[in-house]
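We did not get these values from a lab; they are worked out from the coordinates using the rules stated. Worth saying up front: this structure is predicted, and the values here are computed from it rather than measured. Don't worry about glycine lacking a Cβ; one is built from the backbone with ideal geometry, like all the others, and counts go over all protein chains shown.
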Amino acid sequence: MTENHDPGISPGDLYSIIEKVHIGIVIVNNDNEIKFINNKAKLFLGLFSGDRNADIGSRVISDGEREIEITREDGTLGRGEAKTVDTEWENSKARLITIRDVTNSLTESEGVRNSALYDPLTGLPNRAYFLTILEQAIARYRRNKQYTFAVLFVDLDNFKRINDSLGHEAGDKVLLKISEILKMCTRKNDAVARFAGDEFLLLLDGLKDVYGILKVVKRIQDEIRDPIKMKTRKLYIDSSVGIYISSGEDITPEEIVRYVDVAMYRAKSRGPGQYEIFDQVVFDQVMQSMKLEEDLKLAIDRNELKVYYQPIVSIADGSIKGMEALLRWVHPTKGMVSPADFIPLAENTGLIVPIGNFVFEQSVYQLKKWHAQGHLLEVSVNLSVRQLEHDKLLNFVRKVVSDSEVSSGYINFEITESIAINEEVRCIERIKELRNTCGKIKIDDFGIGYASLGCLQKLPIDVVKIDRSFISKIPGDINSLAIVKAIIAMAHTLGLKVVAEGVETEEQLKCLRAFSCDEFQGYLFSPPKPPEDLEKLLEKNRKA
Ligand code: C2E
Ligand code: CA
Ligand code: CA
């Protein structure tokens, strides 16, 4: 230091300046012994005058910047920013550490109160503090790809029940115990933080491989599972863990927290006491379907759902007998989304119920319009399992039918083969009631599932729709040809009508005619269209 300063300043002046600045200055040698420290640094670090060997190394020394806890002028705790750079002291390598009080700058910029770094219950770093610790780990990883770290999201599986049944005091005791366990299972350089409620975040520093990380995870889960003794009983607690392992991409602390959160959520969905390692591909899929689900919730109100209709045509005379209602979603940014992409999602989330009701109501009122125009058509509405299981389905159907005053015999339902062979009596009863209330019941996508023609006999159905996958292969494929022919013949002996789906060529139609198939649908005649685009076809149909 002495050699480098401006020759105009004496060492004495320099020291008095160093004592006046509002920055803590420390110089340590390679063995982390303090070689120089100003009073400000002693205050910040809570050291007494003679306290030269205090282990400040582990507290403040790091590569580059680090956030530390400091004692402030007024004795309260605050937040300090410590920076370390290499220097020389008495001709050997040393490190210069500067410490700045950043408590207030943080209070102003982030709106955080006082020493908002620690969780008051457990004394662990809180969420905000953990994010800065994570930021440093990311920075270190960026500089040195040999350095690795892992982040764990630990969530207790039944904490809410403990809190509700034993009270908050017991809940707090459990959280304290868990924080002890987490500290015990980690090393000195690792960080353990309380994120919120019963959620903890851990940074495992410098772990070499997945195996090592999983060993820590297993130990944590085992220790937490060890019964915790309370006054009157023992508590058994499981925990779910999401894991992120440092890897190539540019990433922010917030992103990592979101990733481990999702991984933890997926682990929990598999049952108690599981863990899951974050995977980018899976994450993207989860996010996509979450977004789609959000959009779908709004789709009805935003008027994005439309019902298209595809004509069902008599093979004998080419007249239009009816229409199948097929749902369309015009997404504000994605454009037309295929029902194949959102119907399964709607089923999983239960959204299929309001959406299905919408399709049914639209179809019934469209049918009423057609009847008023003199087109005596039928309409077929698709029903999924979830809809059929819903208790209010029948009441809704009855209400719409009576409100619309449409002839109910013209309303048909399409049910897939798999629901129809569902052994559940309740399901079969529902189908029967629908058939009593409305028109025909059609078995959709027939041939791809496990329904045998024999079991069709026991079902309350009127029509079989042969799946498109068979129609698309005739007449070329002999097996498909044989199957189509057999389905038609046997359905007829059972007194059922047959519709072929997905007819695209004259050849296919000719074949179906030869087998005496009753009706067909397909691009050959018309794709599904909005009702206003079907007027011309219907006018032609009237004249024929
Ligand atoms: P699905 O009931 O088997 O409907 C027939 C599908 O075949 C429709 O696809 C239709 O557009 C398509 N299609 C018709 N003719 C041809 C053709 O000649 N060639 C080809 N390649 N395809 C043809 P879409 O409209 O994409 O619907 C797919 C599935 O989504 C439907 O299969 C049905 O299972 C489901 N779905 C559609 N609307 C609803 C609805 O309102 N409720 C329920 N629960 N499911 C629906
Ligand atoms: Ca259908
Ligand atoms: Ca079908």
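Counting only DSSP beta bridges with both residues in the chain, tell me the antiparallel percent, nearest 5.
Bridges in the chain that DSSP calls antiparallel: roughly 75 percent.
Taking only pairs that are 8 or more places apart or on different chains, how many Lys pairs in the stretch 118-278 have Cα atoms under 21 angstrom apart?
Eligible lysine pairs with Cα atoms under 21 Å apart amount to 27.
Going by C-beta contacts inside 10 Å, put 511, 438 in order with the fewest on the left.
Result, fewest neighbours first: 511, 438.
To the nearest 0.05, how large is the calculated FRET efficiency for residue 287 and residue 328 if R₀ is 30 Å and r is the Cβ-Cβ distance?
Efficiency computed from Cβ-Cβ geometry: 0.75.
Sorted from fewest to most neighbouring beta carbons within 10 Å, what does the list 292, 534, 235, 298 look like?
Fewest to most other Cβ atoms nearby, the residues stand as 298, 235, 292, 534.
Find the centroid of the Cα atoms in the stretch 443-481 and in the stretch 127-168, then give the distance between the two in whole Å.
So the two Cα centres are separated by 54 Å.
What is the ratio of the Cα radius of gyration of the chain to 2.2 N^0.38 Å, where N is its residue count, to two decimals?
Rg over 2.2 N^0.38 Å, computed on Cα atoms: 1.49.
Set the Förster distance to 30 Å, then compute FRET efficiency between residue 319 and residue 494 from the Cβ-Cβ distance, nearest 0.05.
The formula returns an efficiency of 0.75 here.
What nm value, rounded to one decimal, do you get for the distance between residue 254 and residue 396 when each label is placed 7 Å out toward the C-beta?
Label-label distance for residue 254 and residue 396, simple model: 3.8 nm.
Taking 0.36 nm per residue of separation and subtracting the Cα-Cα distance, what length does fully extending residue 479 through residue 371 add?
Extra length available between residue 479 and residue 371 comes to 34.7 nm.
Give me the extension gain from residue 208 to residue 348: residue separation times 0.36 nm, minus the current Cα-Cα distance, reported in nm with one decimal.
Using 0.36 nm per residue and subtracting the Cα-Cα distance, I get 46.4 nm.
Quick one: if the Förster radius is 60 Å, what FRET efficiency do residue 301 and residue 219 give, using the C-beta to C-beta distance and rounding to 0.05?
So the FRET efficiency works out to roughly 0.75.
If one computes the Cα centroid of the stretch 483-515 and of the stretch 270-303, what distance in Å separates the two points?
41 Å
List the aspartates and glutamates whose Cα lies under 20 Å from the Cα of residue 510, skipping any in the same chain that are fewer than 8 positions away.
Partners within reach: 317, 467, 477, 501, 518, 519.
Contour minus end-to-end for residue 21 and residue 86, with contour as 0.36 nm per residue of separation and end-to-end as the Cα-Cα distance?
Separation in residues times 0.36 nm, less the Cα-Cα distance, equals 21.3 nm.
Students often forget the sequence filter, so: which lysines lie under 30 Å Cα-Cα from residue 432 once same-chain residues fewer than 8 apart are removed?
Here the lysines satisfying the reach criterion relative to residue 432 are 306, 321, 368, 369, 392, 399, 440, 442, 458, 465, 485, 497.
With 10 angstrom as the radius, rank 442, 497 by how many other C-beta atoms surround their C-beta, starting from the fewest.
Listed from fewest to most nearby Cβ atoms, that is 497, 442.
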